[in-house]
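Peer 1: This is the structure, below, for whatever I ask next.
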Amino acid sequence: MKTTYFLGLIIWLMTLPMNVSGQEKLKKLIGERERLHVEWQESESQKSGIFGNRTKKDMTVTNEWMARILQKDNQIIGELKLRKDIETSAIGNEKEDYKYIAQKAEEDIVKLKRALDIRDEKIQEGLKEKRTYEWTTLIFFVSSMILGFMYSKKRRNGAV
């Protein structure tokens, strides 16, 4: 039981530095660079030579501070490039997601249009059948009237 807690603690401590966000890391790097810049300015003001002049050693120390500042700048640039790549990747993924959603919506629209066309065709076929039925009914009614009229006329003529 204690071993489990200990291993859990070790894993938690190992992953703790990974929880630092990119923004915090960038702020930390910029803070370190500002500190280096202040130290460089201090080394720039140091003059240990005769008559208050700068010596070769003073200039070497100043150049070392400049090298550290450049190194820190390179780290900051590297971090910015990494963040840019992450954002570009995220934007690319979002773009692909939106592209997929748009494509899916377009497919759904095509399916709905096809279903609507099929339904319209069925409605048109139903209307054709209805018209055929109406015409058949009209013809039957008119022919029945004519036959009834002719029968009644014949009967009137024959009964008189």
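Peer 1: Are any of the residues in region 121-134 closer than 30 Å to residue 26 by Cβ, part of a helix (DSSP H, G or I) and of a type in the set (A, V, I, L, M)?
Peer 2: no
To keep it simple, each residue is scored yes or no on (1) within 30 Å of residue 28 (Cβ to Cβ); (2) part of a helix (DSSP H, G or I); (3) basic (Lys, Arg); (4) touching a residue at least 12 places away in the same chain (Cβ under 8 Å).
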| position | (1), (2), (3), (4) |
| --- | --- |
| 74 | yes, yes, no, no |
| 86 | yes, yes, no, yes |
| 90 | yes, yes, no, no |
| 98 | no, yes, no, no |
| 102 | no, yes, no, no |
| 105 | no, yes, no, no |
| 114 | no, yes, yes, no |
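Peer 1: Out of curiosity, is residue 70 within 16 Å of residue 25 (Cα to Cα), surrounded by 10 or more Cβ atoms within 10 Å (Cβ to Cβ) and out of contact with any Lys or Arg (no Cβ under 6 Å at 6 or more places or on another chain)?
Peer 2: no
Peer 1: Could you list, in sequence order, the residues of region 40-72 that are assigned to a helix (DSSP H, G or I), farther than 26 Å from residue 22 by Cβ and either of a type in the set (D, E, K, R) or within 41 Å of the chain's Cα centre (by Cα) (or both)?
Peer 2: If the condition is that a residue be assigned to a helix (DSSP H, G or I), farther than 26 Å from residue 22 by Cβ and either of a type in the set (D, E, K, R) or within 41 Å of the chain's Cα centre (by Cα) (or both), then 42, 44, 56, 57, 58, 64 are the ones that fit.
Any read-out appearing in this document is the output of simple, stated calculations on the displayed coordinates, not a laboratory observation. Note that the structure is a prediction, hence the values are computed from the model and not measured. Here the Cβ is made from the backbone with ideal geometry for all residues, glycine too, and neighbour counts use every protein chain on show.
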